[in-house]
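Chemist: Structure below; questions to follow.
The values are calculated or read from the model by the stated rules, or taken from the named source; none is laboratory data. From a predicted model like this one, the values you see are computed outputs, not experimental measurements. Cβ coordinates were reconstructed from backbone atoms using ideal geometry, including for glycine residues, and neighbour counts include every protein chain displayed.
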Amino acid sequence: MKQRAQFTTKIGILAATVGSAVGLGNIWRFPYEAGSNGGAAFIFIYIISVCVIGIPVICCEFIMGRGTHKNVHGAFNALHASSLWKYASYLNILASLMILSFYSVVAGWTLNYLSEAVTGKMTMTGEHDFSAEFGNFVASPWQPTVFTIIFLMFNHVIVARGIKKGIERISNTVMPILGVILIVLMANSLLLPKATEGLRFLFYPDFTKITPSVVLSALGQAFFSLSLGLSCLLTYSSYFNDRTPLVKNATMIATLDTIVAIISGIIIFCALFSFDGEPAAGPKLVFEILPGIFNSMPGGYFWAVLFFLLLVFASITSSISMTEISVAYFSEEYNISRKTSTRISTAIGMIFGALCSLSFGILNDFTIFGMSLFSLFDYISSNILLPLGGLIFTIFVGWIINKRFVQEQLTNNGQIARKSSKIIIFLIKYIAPIAIVVVCLSVLRVI
Ligand code: PHE
């Protein structure tokens, strides 16, 4: 039988998994969520969610993936044959393709903005109305759709090359560059005139701002940002070797992902307060407000290029991880080549990505449950399928599968001290599922 692929180095494992986690979720979504939900108070709750839910759910996915060395469907089957559990894998695969579709649309926007930054169009002198420009761009019938498709073509080339030559190599190259860009942009923002106001907004919590809806937004953001609940980290961990320390890696991913989110917050809010932008601008923050700021900032051309390059790099290392879920499933469960399975996933992504993109323009009137296709995909996957997936993972690993197997995976067959694994098992069994149920119920507006 053909040997299953593996990541080759520890750094490769870290770069790929952190690459999956760090993406538009950190640089685009986190700042606008923090901005609309009270700043520091939101960040405080977010960090608690990452510790008590995020890290345990990552560990569940790692236990299933590394423990079986299979794709999500194979993993559920291997750990609990002839049961309903394997249907959970279909939810995961569905969620991964839905997220891939709308994620590629936003990633396509970032490609367009990068090209406008590089050609100097964004920072050209003269009157600009960035809100109107963004509105016209997303509503135009072909331009955003073409960028979505170009993005998916890049994504395709990387995934088709496989784990070692595609995913590991691109992550090893892109992640250090991403780190350097983040630090340079942060230094620039910290030197701006009203940087301290931005820092105060981010780090000086006003606990009266914590409401149930802030808690829920923070929980949802933690799921999205850590790539949780759709078996992304399960699939990646099926390519880990048996010496990879799971709890340590899970903690590192969560820590680095949170640091990147906070650095993105510093970059954006220090600039925003210095140029009198609106922190609660919502999803359009990065596309409507920031270009205006770059336009009035000294050296704006350079900072705009760096910022949008950062967004493109961050999105590609995340989109390849979403694609790998279905690619591993198609190729292993239906015995087809990796190239063909990648073609299938890319084709699905392109068809639904194009429809999501067009839902801002010519398909604007086509709504389901009152939502455009883009919003529907975002809503169903991020608000329902991800938390549900996370809940299933914690119940399956915490309550259903063999306890010895869980222990062995967390301690690498007794080679790692048991202390941290005991805490993780407690969080997996009790705390994480209860907290997730609270999120799900509130999404369904039951509580
Ligand atoms: N975590 C990614 C981000 O922050 C998004 C993502 C979600 C990636 C789900 C994979 C799976 O952008």
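Chemist: Which ones in segment 6-41 are more than 21 Å from Leu230 (Cβ to Cβ), crowded, with 23+ Cβ neighbours inside 10 Å and within 16 Å of the ligand (Cβ to nearest atom)?
Modeler: Taking segment 6-41 first, the residues more than 21 Å from Leu230 (Cβ to Cβ) are 6, 8-12, 31-32, 34-41.
Narrowing further to those that are crowded, with 23+ Cβ neighbours inside 10 Å: 31, 34-35, 37-39.
Within segment 6-41, Pro31, Ala34 qualify.
Chemist: Continuing with the same structure: Restricting attention to segment 225-246, which residues are over 14 Å from the mean Cα position of the chain (by Cα) and either assigned to a loop (DSSP other than H, G, I, E, B) or surrounded by fewer than 24 Cβ atoms within 10 Å (Cβ to Cβ) (or both)?
Modeler: If the condition is that a residue be over 14 Å from the mean Cα position of the chain (by Cα) and either assigned to a loop (DSSP other than H, G, I, E, B) or surrounded by fewer than 24 Cβ atoms within 10 Å (Cβ to Cβ) (or both), then Ser238, Tyr239, Phe240, Asn241, Asp242, Arg243, Thr244, Pro245 are the ones that fit.
Chemist: Taking Asn71 as meeting all but one of (1) crowded, with 24+ Cβ neighbours inside 10 Å; (2) within 30 Å of Met186 (Cα to Cα), write down the number of the exception.
Modeler: Among (1) crowded, with 24+ Cβ neighbours inside 10 Å; (2) within 30 Å of Met186 (Cα to Cα), the lone unmet condition for Asn71 is (2).
Chemist: So, one more: If I go through segment 196-221 residue by residue, how many of them are without any contact (Cβ under 8 Å) to a residue 60 or more places away in the chain and either under 20 Å from the mean Cα position of the chain (by Cα) or surrounded by 20 or more Cβ atoms within 10 Å (Cβ to Cβ) (or both)?
Modeler: Residues that pass the stated criteria total 0.
Chemist: Looking at Leu79, Leu91, Leu114 in this structure, which one is more than 16 Å from the ligand (Cβ to nearest atom), under 19 Å from Ile400 (Cα atoms) and either of a type outside the set (Val, Ile, Thr) or crowded, with 20+ Cβ neighbours inside 10 Å (or both)?
Modeler: Only one candidate qualifies: Leu79.
Chemist: Right, next: Quick one: Ala254 ticks every box in (1) within 16 Å of the ligand (Cβ to nearest atom); (2) assigned to a helix (DSSP H, G or I); (3) in contact with a Ser or Thr (Cβ under 9 Å, 6 or more places away or on another chain) except a single one, so which number is it?
Modeler: Among (1) within 16 Å of the ligand (Cβ to nearest atom); (2) assigned to a helix (DSSP H, G or I); (3) in contact with a Ser or Thr (Cβ under 9 Å, 6 or more places away or on another chain), the lone unmet condition for Ala254 is (3).
Chemist: Moving on to the next point. In segment 286-338, what count of residues is obtained for those that are outside any helix (DSSP H, G or I) and either within 12 Å of the ligand (Cβ to nearest atom) or within 30 Å of Ile267 (Cα to Cα) (or both)?
Modeler: Result for segment 286-338: 3.
Chemist: Under the condition of being in contact (Cβ under 8 Å) with a residue 24 or more places away in the chain and part of a helix (DSSP H, G or I), which residue from segment 117-132 is surrounded by the most Cβ atoms within 10 Å (Cβ to Cβ)? Even if it seems obvious, please write down each step before you answer.
Modeler: As a first pass, look at segment 117-132 and keep what is in contact (Cβ under 8 Å) with a residue 24 or more places away in the chain: 117-118, 120, 122-123, 128, 130-131.
Next cut, part of a helix (DSSP H, G or I) only: 117-118, 130-131.
On the way: Ala117: 23, Val118: 14, Phe130: 18, Ser131: 15.
This residue is Ala117.
Chemist: Sticking with this structure for a sec: Of all residues in segment 163-195, which are within 29 Å of His69 (Cα to Cα) and either under 20 Å from the mean Cα position of the chain (by Cα) or not in a helix (DSSP H, G or I) (or both)?
Modeler: Ile163, Gly166, Ile167, Glu168, Arg169, Ile170, Ser171, Asn172, Thr173, Val174, Met175, Pro176
Chemist: From the set of residues in segment 214-237 that are modelled with pLDDT of 90 or more and over 15 Å from Asp257 (Cβ atoms), which is farthest from the ligand (Cβ to nearest atom)?
Modeler: So, considering only residues that are modelled with pLDDT of 90 or more and over 15 Å from Asp257 (Cβ atoms), the one farthest from the ligand (Cβ to nearest atom) is Ser237.
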